[in-house]
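Student: Structure provided below as structure tokens; questions to follow.
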């Protein structure tokens with residue numbers, strides 16, 4: 001008899017994507033499984049869509065007042081019965097063999113969590129195709145054991161219970177925090193080397209800017225919990241460049257120094273991207289664009305982090 005896997009799917013205003021996510025979860029070939037959908041106070045048609053599947057006995061629907069994704073996941077776990085727990089995403093699509101390939105890793109008692117490798121869902125725009133190439137590079141590194149998983153989506157239920165679940169104070173990086181605590185108990189978190197799920201990416205540069213700024217702004221609680229995760233390198237480069245541009249009235253050397261530093265950062269990123277991605281994709285045009293997207297992402301993340309820090313300090317006054 002195989003282990004029962006509890007699939008927990010938190011939703012919040014996901015009417016455009018939740019149906020496809022549910023269909024892919026229902027079609028997972030692994031048995032036995034249970035699907036618990038925790039709707040976090042949606043105000044769109046998401047609850048109606050979930051009820052369609054619940055009325056057919058395909059999923060168990062749980063309605064709660066809006067408290068955030070981590071609370072919804074923890075609440076779902078409280079109603080789960082499986083010895084393994086899989087935290088799904090409401091905008092992702094899963095391969096039918098997702099669990100079949102993943103569950104086998106738990107025969108090793110040292111494994112506490114597994115991170116199946118994913119890719120970008122239906123990349124069409126230039127930005128999406130660049131993100132697709134970036135994911136391929138990450139997957140290639142993981143397969144070569146050059147990349148340590150920073151989180152996982154499938155855990156032993158007893159281990160998840162032992163660490164106390166997701167930290168409900170965190171709005172971003174809550175998955176990384178959970179993985180850190182699981183490793184702290186002495187368990188390993190490993191990659192499942194096959195591509196098993198697909199997740200959407202921002203379609204434009206503006207989308208990347210918006211997401212990166214939000215992640216930076218909301219990362220403060222995580223960094224307060226883990227001070228060594230503060231992005232000191234990004235902050236140092238940002239403030240150096242800011243000071244140089246402010247001193248441009250004194251001498252043109254200062255803004256030139258800032259531009260040289262940014263240029264060096266782009267060049268270093270380009271060399272690394274070309275080295276890692278040359279054999280990953282045949283269309284190498286996107287390898288040339290990726291470094292610039294990386295700089296944009298890092299810059300907006302840093303600005304968001306500074307804004308978030310300022311808001312946090314003002315809130316403490």
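The values are calculated or read from the model by the stated rules, or taken from the named source; none is laboratory data. Model, not experiment: these values are computed from the prediction. Cβ placement follows ideal geometry from the backbone for every residue including glycine, while neighbour counts extend to all protein chains displayed.
Student: Answer with yes or no whether residue 211 is free of Cβ contacts under 8 Å to residues at least 12 places away in the same chain, within 19 Å of residue 169 (Cα to Cα), in a helix (DSSP H, G or I) and not assigned by TED's automatic domain parsing to the domain that holds residue 130.
Tutor: Criteria not met by residue 211.
Student: Something else about it: Can you work out which of the residues in region 126-156 that are in a loop (DSSP other than H, G, I, E, B) and out of contact with any helix residue (DSSP H, G or I) (no Cβ under 9 Å at 6 or more places or on another chain) is farthest from residue 283 (Cα to Cα)?
Tutor: Top of the filtered list is 145.
Student: Give the residue, chosen from 280, 295, that is part of a helix (DSSP H, G or I), surrounded by 12 or more Cβ atoms within 10 Å (Cβ to Cβ) and touching a residue at least 12 places away in the same chain (Cβ under 8 Å).
Tutor: After ruling out the rest, the residue left standing is 295.
Student: Further question on the same structure: Out of the residues in region 51-74 meeting the condition of being in a helix (DSSP H, G or I) and within 20 Å of residue 85 (Cα to Cα), tell me which one is farthest from the chain's Cα centre (by Cα).
Tutor: Among those residues, the one meeting the criterion is 54.
Student: When you scan region 163-176, do you find a residue that is crowded, with 16+ Cβ neighbours inside 10 Å, in contact (Cβ under 8 Å) with a residue 60 or more places away in the chain, over 16 Å from the mean Cα position of the chain (by Cα) and not in a loop (DSSP other than H, G, I, E, B), even just one?
Tutor: no
Student: Would you be able to tell me the number of residues in region 75-111 that are touching a residue at least 60 places away in the same chain (Cβ under 8 Å), part of a helix (DSSP H, G or I) and within 22 Å of residue 165 (Cα to Cα)?
Tutor: Residues that pass the stated criteria total 7.
Student: Among the residues in region 81-102, are any within 25 Å of residue 186 (Cα to Cα), over 23 Å from the mean Cα position of the chain (by Cα) and surrounded by 14 or more Cβ atoms within 10 Å (Cβ to Cβ)?
Tutor: Yes: one or more hits.
Student: Would you mind telling me which numbered condition in (1) surrounded by fewer than 18 Cβ atoms within 10 Å (Cβ to Cβ); (2) more than 21 Å from the chain's Cα centre (by Cα); (3) in a helix (DSSP H, G or I) residue 31 fails?
Tutor: Every listed condition holds for residue 31 apart from (3).
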